[in-house]
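The values are calculated or read from the model by the stated rules, or taken from the named source; none is laboratory data. Just so you know, these numbers come straight off a predicted model, no measurement behind them. Every residue, glycine as well, gets a Cβ built from its backbone with ideal geometry; the counts of neighbours run over all protein chains shown.
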């Protein structure tokens with residue numbers, strides 16, 4: 001049965017309560033922190049040796065698609081009515097709109113230590129201790145909009161610039177490419193405009209979302225569901241185009257063995273990008 | 001269960017039946033859907049990633065020298081590691097803030113970013129370290145979660161990131 005991922009702004013009060021409740025239960029079971037650790041382990045730079053599956057790489061999209069699916073599976077083992085909602089940051093753009101409400105993810109961090117004080121994930125509620133962060137903070141942190149030097153969320157026009165590129169990704173398949181849907185969506189920009197789309201959203205939320213422990217903020221899932229939706233939109237718009245590279249690129253640009261080609265295994269899963277290109281039998285977006 | 005402490009076992013190596021970077025058999029969409037939804041079918045099995053040395057065309061020498069200074073009240077120290085590094089671009093660095101390891105990462109253009117801020121990059125390890133201190137603020141300390149050759153948990157064979165401490 002294909003289930004539906006909804007815009008978080010369209011969830012009913014009951015749906016919000018069940019989504020939050022399932023997250024808290026997955027956290028209580030100890031599963032949530034394994035997602036945090038998995039993400040930390042898979043963050044590496046493209047100037048480093050070894051395979052990079054998650055970031056600065058063509059498989060950024062399928063890797064995060066699978067991560068969200070795993071979390072969603074965990075939530076649905078708790079409550080099978082729950083799916084991961086998406087946050088359309090091109091429409092819900094203020095620090096007080098959804099998802100930053102008390103019945104969803106809570107609000108901004110306070111001044112000083114940036115501790116989130118409101119909503120279900122505030123430390124004082126006792127149900128969201130940070131155990132696998134980059135710092136010794138025990139509480140969730142946010143700095144919505146970056147108080148000391150404000151930036152805006154990316155816009156619809158920013159998304160459109162990524163979506164209109166018909167090519168999935170280009171050589172050398174890393175954070176330096178200026179063409180291809182993947183990096184325009186992942187968002188490693190030039191020094192003059194360093195954060196596009198996905199990366200800019202992480203930067204805008206700040207706090208935990210800025211570093212290796214970004215999964216500690218449950219908004220991570222809402223962000224990546226929306227990124228995942230863009231991949232589907234891109235596929236619908238460019239039906240003759242697919243995940244690239246189709247085959248391992250060879251050694252000429254130094255990327256052999258460092259990226260995941262279409263039919264290669266995408267660690268840590270026993271799946272390939274090809275397996276993950278079509279999820280229409282699992283979920284759809286409303 | 002898809003994700004568990006057991007699923008991401010410490011120090012595990014690739015088990016039988018996993019295929020490494022070899023090309024897996026093609027699956028039908030239905031098989032894939034079953035895999036994605038089936039509990040236990042998708043274990044987060046640690047793997048040994050292909051981690052072969054890379055001869056980079058733009059291999060460069062480190063452009064910075066070791067540092068040991070107090071920045072905003074924090075002792076920051078960094079030095080290139082005295083052996084052939086793990087990075088594709090040249091030497092790796094050991095960096096600490098008040099004695100706690102700070103994981104720096106290298107980008108393909110030779111710039112540096114830190115585990116504390118994945119989204120800003122700097123020309124040298126020193127600049128990246130100072131920026132990490134800025135982000136850390138006056139009261140936080142680093143927590144060493146990173147797997148790597150210098151202390152910390154060695155979580156699995158994939159943990160050979162470029163810059164470790």
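Of everything in the range A:59-101 that's in a loop (DSSP other than H, G, I, E, B) and within 14 Å of chain B (Cβ to nearest Cβ), which residue is surrounded by the fewest Cβ atoms within 10 Å (Cβ to Cβ)?
Start the filter on the range A:59-101 by keeping residues that are in a loop (DSSP other than H, G, I, E, B), which leaves A:59, A:79-85, A:87-101.
Those still in the list that are within 14 Å of chain B (Cβ to nearest Cβ) too: A:59, A:80, A:83-84.
Details: A:59: 28, A:80: 11, A:83: 21, A:84: 24.
So, considering only residues that are in a loop (DSSP other than H, G, I, E, B) and within 14 Å of chain B (Cβ to nearest Cβ), the one surrounded by the fewest Cβ atoms within 10 Å (Cβ to Cβ) is A:80.
I need a count of the residues in the range A:143-152 that are within 14 Å of chain B (Cβ to nearest Cβ) and surrounded by 14 or more Cβ atoms within 10 Å (Cβ to Cβ). If you could, list the steps in order and put the result at the bottom.
Here is the first cut: in the range A:143-152, the residues within 14 Å of chain B (Cβ to nearest Cβ) are A:143, A:146-149, A:151.
Now drop any that are not surrounded by 14 or more Cβ atoms within 10 Å (Cβ to Cβ), which leaves A:143, A:146.
Total meeting the criteria: 2.
Where helices (runs of 4 or more DSSP H) fall wholly inside the range A:194-286, the ranges with 2 or more residues that are touching a residue at least 40 places away in the same chain (Cβ under 8 Å), out of contact with any strand residue (DSSP E or B) (no Cβ under 6 Å at 6 or more places or on another chain) and over 17 Å from residue A:53 (Cα atoms) are A:197-205, A:219-237. Of the residues in the range A:27-41, at least one is surrounded by fewer than 22 Cβ atoms within 10 Å (Cβ to Cβ), over 12 Å from the mean Cα position of the chain (by Cα) and in a loop (DSSP other than H, G, I, E, B).
Residue by residue through the range A:46-58, note down the ones that are on the phi < 0 side of the Ramachandran plot and either without any contact (Cβ under 8 Å) to a residue 60 or more places away in the chain or more than 7 Å from chain B (Cβ to nearest Cβ) (or both).
Narrowing the range A:46-58 to residues on the phi < 0 side of the Ramachandran plot: A:46-49, A:51-55, A:57-58.
A:47, A:48, A:52, A:53, A:54, A:55, A:57, A:58, listed by residue number.
Within the range A:119-131, the residues that satisfy the criterion of being over 16 Å from residue A:213 (Cβ atoms) and either at pLDDT below 95 or buried (at least 17 other Cβ atoms within 10 Å of the Cβ) (or both) are A:119, A:120, A:122.
Within the range A:6-19, is even one residue within 14 Å of another protein chain (Cβ to nearest Cβ) and in contact with a helix residue (DSSP H, G or I) (Cβ under 7 Å, 6 or more places away or on another chain)? Before you say what the answer is, go through the steps one by one.
As a first pass, look at the range A:6-19 and keep what is within 14 Å of another protein chain (Cβ to nearest Cβ): none.
No, the range A:6-19 has no match at all.
Among the residues of the range A:120-142, those that are assigned to a loop (DSSP other than H, G, I, E, B), within 13 Å of another protein chain (Cβ to nearest Cβ) and more than 14 Å from residue A:27 (Cβ to Cβ) comprise A:134, A:136, A:137.
Limited to the range A:104-119, what total is found for residues that are touching a helix residue (DSSP H, G or I) at 6+ places or on another chain (Cβ under 8 Å) and in a loop (DSSP other than H, G, I, E, B)?
Taking the range A:104-119 first, the residues touching a helix residue (DSSP H, G or I) at 6+ places or on another chain (Cβ under 8 Å) are A:104-105, A:109, A:114-117.
If we keep only those that are in a loop (DSSP other than H, G, I, E, B) as well, we get A:104-105, A:114, A:117.
So the count comes out to 4.
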